[in-house]
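Remarks on the structure that follows.
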Amino acid sequence: MKATAEYATANVAVWWDMKDCPIPEGYEAGQVRSSLEAAFKEQGYSGPVSITAYGDQTQTPDHILKGLLTTGVSVAHTKSESTSYFMYEDLVKWRRLNPPPATMMIISDQVGDKFTWDLIRLQQRTLYKLFLAYSVKPEYMVLFISEQWCWKKLLSSSPPAAGVQAGAKCYCKSCNYDSEYLNNFKKHLSSYSHSREEYVNPTDHKLVRYTEDWGRNYKATPEFATAKIQVWWDLFDCPIPQGYDARQVRPSIEAAVKELGYYGPVSITSYGDHKHTPLQALQALSSTGVDIAHTVSDVTYSRMFSDMLEWHRNNPPQTAAIIMLISDNVEILDCGLVSLLQENNYNFFLAYSFRSYKMSYLLTSAEWLWESILSGPLTSTSVNYFSCSCNYFFCACSSSLFCLSPSLLAMKATAEYATANIAVWWDMKDCPIPEGYEAGQVRSSLEAAFKEQGYSGPVSITAYGDQTQTPDHILKGLLSTVVSVAHTKSESTSYFMYEDLVKWRRLNPPPATMMIISDQVGDKFTWDLVRLQQRTLYKLFLAYSVKPEYMVLSISEQWCWKKLLSSSPPAAGVQAGAKCYCKSCNYNSGYLKKFRKHLSSYSHSREEYVNPTDHKLVRYTEDWGRNYKATPEFATAKIQVCWDMLTCPIPQGYDARQVRPSIEAAVKELGYYGPVSITAYRDHKHTPRQALSSTGVDIAHTVSDVTYSRMFSDMLEWHRNNPPQTAAIIMLISDNVEIMACDLVKLLQENNYNFFLAYSFRPYKMSYLLTYAEWLWESILAGEKRLLQNCSSSGSGNDQSTSMFYCRLCVGFNTKSIDKFRAHLSSDEEHAQEENEIREQMVLSGENKRLCQLAEYDRHRLPRQSNHMKKAIRTDFGLFLLMDVNLKPRVVNLLLSYQQHLLLFVMF
């Protein structure tokens with residue numbers, strides 16, 4: 001479309017990927033700017049145009065670079081694989097400095113694949129005009145594009161701009177270097193320091209998601225405080241709970257939005273098959289002004305979106321308004337919805353019965369669990385703010401990260417597992433039968449290995465693979481020893497193995513043992529299986545041809561496949577019970593000949609063609625992101641809260657004494673009434689310690705570099721002090737759960753713990769950790785709605801703590817005086833020295849790592865030195881050499897501290 005008056009003379013910025021869209025043969029580099037400006041003017045855009053060309057400029061001929069620079073096109077050197085990373089980084093920086101009206105243009109084939117998720121969310125908050133050029137047209141574009149061109153057609157026959165335009169620069173993104181002179185730039189790119197820098201500091205190829213931490217519930221701005229709120233409610237996904245009064249739905253929704261400051265008129269339409277909705281429910285909904293839309297499940301979302309468009313047409317385009325969707329299937333609507341949200345002045349609210357696995361394209365201003373809306377605001381409860389349990393103030397500054405062993409469960413079978421069922425799923429492609437082994441030896445080898453560990457229960461084995469490629473003698477050998485065989489196409493083997501594993505779990509409750517023979521466990525099975533294991537723990541064995549680098553799953557025993565197969569003779573005779581399965585056709589037979597005949601049939605090949613199997617494993621726990629009510633076992637269990645105050649601080653103006661009652665109120669709402677212990681971690685020199693301690697919150701002084709290692713060490717200490725299988729609850733309040741996730745997940749797999757999580761923003765992607773409840777930190781604190789100014793009677797400063805204050809860093813320090821504790825943290829020289837040493841150690845560790853990389857690079861590329869140079873390092877002359885190359889004294893000291901690295905650096 002043609003430019004409006006506000007955009008006609010606004011800035012236009014262009015980011016150009018020279019690899020995806022090179023200058024075609026026969027075109028001059030000087031024509032790029034004139035072609036772009038001509039295309040813009042044709043659409044009515046005549047504002048100043050800045051252009052930056054990205055690519056590996058060591059491969060770009062000089063005449064192209066000169067042609068670009070003389071026409072005011074800047075050039076940026078990037079390694080090919082990191083071009084999109086730097087383009088997007090510069091685009092986001094430019095947006096911060098250039099508010100709308102302004103126009104952005106991206107020339108690349110990567111927009112649909114790499115840029116879209118984050119850029120579309122940026123555009124929903126702050127809309128710019130967006131142009132696109134490409135060599136390969138994207139199949140589908142969710143981003144709203146004002147104009148798009150094929151790159152070759154965009155370049156016109158316009159002559160290059162006359163004369164030299166000033167302002168263009170040459171950038172090296174690898175080295176943070178820039179120059180206005182091409183000769184200097186070329187010299188830099190060919191220098192040793194440049195190549196070494198690219199080796200030592202490789203750029204992350206994955207684009208930064210700048211909107212990842214936008215998953216919060218935002219208070220209403222004045223513009224939206226009284227705006228219309230239109231609610232579309234999918235009754236299929238988010239029904240009225242049994243026993244719930246349908247008349248409370250409207251007031252519950254209104255209460256939820258009013259809590260965030262939205263007081264505009266609310267219109268609600270409910271979609272469902274209302275032939276089966278009880279009459280009293282329909283009457284109750286309609287009596288409160290909820291519109292009823294009858295539909296069937298197959299067309300619910302198309303009808304819903306049609307109604308959204310009709311509503312949109314009846315509301316002025318740029319008038320502030322709010323769309324609220326109550327549904328679990330937002331992804332069905334997100335492509336259409338995202339266009340509405342990019343092009344109009346709408347906020348978007350979302351409610352669902354379970355948290356989604358991954359954050360959507362849609363930028364939400366608020367999200368809720370449907371059940372939390374219906375449960376309504378918390379009621380005030382009587383809390384004794386001054387009661388004080390035994391609190392501990394300790395300084396936990398120095399610690400190394402504690403890592404759990406990946407084989408905590410590796411032990412002989414206990415009595416309950418010794419004779420329990422064992423099921424084996426075997427990927428024959430990853431772990432084939434080695435040459436020289438008979439197929440009949442597989443079962444005997446596995447059973448021998450199990451018995452060695454004390455497991456003697458019945459063993460069922462299924463071998464998966466493309467059985468059209470498996471010789472008859474192998475199939476006969478397997479079937480004769482009761483190893484079932486399943487035919488799958490190679491790319492769908494893991495899919496069917498995991499599907500059968502999950503089905504087996506449903507039919508075989510613990511105690512029981514599972515074994516997976518595959519190289520795909522770490523890559524494909526882990527995310528979902530580790531969550532299944534946290535809810536219902538089975539013993540898990542693993543065999544592989546290639547050992548996984550790191551295993552989050554707790555494995556009871558693991559073997560290399562070839563070593564596992566012993567020289568045990570095949571079991572004598574033919575055992576009954578094995579079957580042949582065709583997973584593509586849902587066919588099975590007890591006879592090999594019939595199975596072979598089926599695999600070679602026309603109907604089988606046609607079925608595989610018509611119904612190709614999805615290769616991506618089903619995530620069975622994807623819809624487990626709910627807040628679960630307490631079971632009797634956990635209703636009175638201990639709750640241990642680890643609170644990261646760095647990422648989830650006490651809001652300004654909030655009474656710190658309300659933290660404990662707010663947390664307790666949140667868990668009680670779900671039926672958890674057990675004793676709550678809270679430890680707050682951060683640098684407590686500037687924390688209101690007295691207010692926290694008066695309500696029984698323990699204070700752990702730490703510094704940011706070691707907060708999470710200390711936190712996890714304390715979790716392990718707490719774990720050791722609680723019987724292993726006693727029901728208990730760990731609650732973590734932090735935005736950085738992924739730092740501890742791998743270690744925490746082992747605790748949760750191996751023990752009878754539930755896990756709660758609170759954060760200041762919703763995570764981009766669901767974690768390995770299986771949570772039984774999650775909250776936004778602000779929603780926990782808002783539950784009690786007590787602010788400092790409303791607590792004048794209790795805020796007199798006379799709250800006395802009977803706690804002991806400990807500094808675990810400084811041996812022997814303890815006091816009952818908070819003033820002495822505060823003085824210790826702020827002025828004690830030994831304490832300050834300990835903290836400084838920790839921080840310096842972290843800095844030196846980073847510098848040491850870099851020096852090792854530099855030394856490694858130099859060792860392979862610098863010419864070898866003579867013997868007298870090798871000796872120089874052991875003399876004062878060696879120190880002179882170091883000082884002579886203008887190294888910083890700090891680095892010199894570091895080098896001298898690590899002599900092996902120094903020898904590499906100088907000797908080679």
- Looking only at the stretch 163-194, count how many residues are surrounded by 13 or more Cβ atoms within 10 Å (Cβ to Cβ), among the hydroxyl-bearing types (Ser, Thr, Tyr), in contact (Cβ under 8 Å) with a residue 60 or more places away in the chain and farther than 30 Å from Arg121 by Cα. 0
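Considering every residue within the stretch 724-731, establish whether at least one is under 20 Å from Arg535 (Cα atoms), small (Gly, Ala, Ser) and either outside any loop (DSSP other than H, G, I, E, B) or in contact (Cβ under 8 Å) with a residue 24 or more places away in the chain (or both). Break it down stepwise before answering.
Of all residues in the stretch 724-731, those under 20 Å from Arg535 (Cα atoms) come to 724-731.
In the following step, the residues that additionally are small (Gly, Ala, Ser) were identified as 727-728.
Checking which are either outside any loop (DSSP other than H, G, I, E, B) or in contact (Cβ under 8 Å) with a residue 24 or more places away in the chain (or both) leaves us with 727-728.
Scanning the stretch 724-731 turns up at least one residue that is under 20 Å from Arg535 (Cα atoms), small (Gly, Ala, Ser) and either outside any loop (DSSP other than H, G, I, E, B) or in contact (Cβ under 8 Å) with a residue 24 or more places away in the chain (or both).
Quick one: which of Lys503, Lys524 is at pLDDT below 95 and either open to solvent by less than 30 Å² (accessible area, probe 1.4 Å) or in a helix (DSSP H, G or I) (or both)? Spell out the reasoning first.
Numbers: Lys503 fails: at pLDDT below 95.
One residue alone meets the criteria, Lys524.
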- Note on the structure: Apart from one, (1) modelled with pLDDT under 90; (2) more than 21 Å from the chain's Cα centre (by Cα); (3) among the aromatic types (Phe, Trp, Tyr) all hold for Tyr708; the odd one out is (2)
- Message: Every residue in the stretch 26-56 that is open to solvent by 30 Å² or more (accessible area, probe 1.4 Å), out of contact with any Phe, Trp or Tyr (no Cβ under 9 Å at 6 or more places or on another chain) and within 23 Å of His77 (Cβ to Cβ), please.
- Response: Tyr27, Glu28, Asp56
- Query: Checking Ala220 against (1) at pLDDT below 95; (2) within 15 Å of Met324 (Cα to Cα), which single condition isn't satisfied?
  - Reply: (1)
- Query: When you look at Asp683, is it out of contact with any Ser or Thr (no Cβ under 6 Å at 6 or more places or on another chain) and more than 18 Å from Cys648 (Cα to Cα), yes or no?
  - Reply: no
- Among (1) open to solvent by 10 Å² or more (accessible area, probe 1.4 Å); (2) part of a loop (DSSP other than H, G, I, E, B), which single condition is Tyr672 missing? (1)
- Task: State yes or no: is Ala220 under 28 Å from the mean Cα position of the chain (by Cα), surrounded by 15 or more Cβ atoms within 10 Å (Cβ to Cβ), among the aliphatic types (A, V, I, L, M) and part of a helix (DSSP H, G or I)?
- Result: no
- Note on the structure: Of the residues in the stretch 675-709, those that are free of Cβ contacts under 8 Å to residues at least 60 places away in the same chain, open to solvent by less than 10 Å² (accessible area, probe 1.4 Å) and in a helix (DSSP H, G or I) come to Leu692
- Query: Restricting attention to the stretch 623-664, which residues are over 16 Å from Glu774 (Cβ atoms), open to solvent by less than 30 Å² (accessible area, probe 1.4 Å), of a type in the set (A, V, I, L, M) and in contact (Cβ under 8 Å) with a residue 60 or more places away in the chain?
  - Reply: Ala637, Val659
- Query: Could we say that Ser146 is out of contact with any helix residue (DSSP H, G or I) (no Cβ under 8 Å at 6 or more places or on another chain), of a type outside the set (A, V, I, L, M, F, W, C) and either at pLDDT below 95 or surrounded by 11 or more Cβ atoms within 10 Å (Cβ to Cβ) (or both) here?
  - Reply: yes
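Looking at this structure, is Thr513 crowded, with 20+ Cβ neighbours inside 10 Å, at pLDDT 95 or above and more than 29 Å from Ser600 (Cα to Cα)?
Details: crowded, with 20+ Cβ neighbours inside 10 Å: yes; at pLDDT 95 or above: yes; more than 29 Å from Ser600 (Cα to Cα): yes.
Yes.
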- Item | Wholly within the stretch 376-480, helices (runs of 4 or more DSSP H) carrying at least 3 residues that are surrounded by fewer than 18 Cβ atoms within 10 Å (Cβ to Cβ), among the aromatic types (Phe, Trp, Tyr) and at pLDDT 95 or above | none
- Residue pairs meeting the criteria (Cβ under 8 Å; at least 6 apart or on separate chains; first farther than 19 Å from Leu599 by Cβ, in the stretch 474-502; second open to solvent by less than 10 Å² (accessible area, probe 1.4 Å) and in a helix (DSSP H, G or I)): Thr481/Val442; Ser494/Phe525; Tyr498/Phe525; Tyr498/Asp528; Tyr498/Leu529; Leu501/Leu529
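Any idea which residue in the stretch 153-208 is modelled with the highest pLDDT, counting only those that are of a type in the set (Asp, Glu) and closer than 23 Å to Tyr85 by Cβ? Give the steps one after another, and end with the answer.
Step one: filter the stretch 153-208 for residues of a type in the set (Asp, Glu), giving 178, 180, 197-198, 204.
In the following step, the residues that additionally are closer than 23 Å to Tyr85 by Cβ were identified as 178, 197-198, 204.
On the way: Asp178: 95, Glu197: 89, Glu198: 88, Asp204: 75.
Among those residues, the one meeting the criterion is Asp178.
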- Task: Considering (1) of a type in the set (Asp, Glu); (2) under 26 Å from Thr4 (Cα atoms); (3) touching a Cys at 6+ places or on another chain (Cβ under 6 Å), say which one Glu197 fails and leave the rest.
- Result: (2)
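Which of the residues that make up the stretch 606-622 are more than 26 Å from the chain's Cα centre (by Cα), open to solvent by less than 60 Å² (accessible area, probe 1.4 Å) and of a type outside the set (Asp, Glu)? Walk me through it before giving the result.
Of the residues in the stretch 606-622, the ones more than 26 Å from the chain's Cα centre (by Cα) are 606-613.
Still in the running and open to solvent by less than 60 Å² (accessible area, probe 1.4 Å): 608, 613.
Listed by number, the list holds a single entry, Thr613.
Condition (residue is open to solvent by 70 Å² or more (accessible area, probe 1.4 Å), part of a helix (DSSP H, G or I) and farther than 21 Å from Asn344 by Cα) applied to the stretch 237-244: is it met by at least one residue?
Residues of the stretch 237-244 that are open to solvent by 70 Å² or more (accessible area, probe 1.4 Å), as a first pass: 242-243.
Imposing the further condition that a residue be part of a helix (DSSP H, G or I) reduces the set to none.
Checked the stretch 237-244: no residue is open to solvent by 70 Å² or more (accessible area, probe 1.4 Å), part of a helix (DSSP H, G or I) and farther than 21 Å from Asn344 by Cα.
The values are calculated or read from the model by the stated rules, or taken from the named source; none is laboratory data. Not measured: the values here are computed from a predicted model. Neighbour counts run over all protein chains shown; Cβ positions are idealised from the backbone, glycine included. Side chains are part of the model used for accessible areas, which takes the heavy atoms of the whole protein and leaves out ligands, DNA and RNA. Shrake-Rupley method; radii C 1.70, N 1.55, O 1.52, S 1.80 Å.
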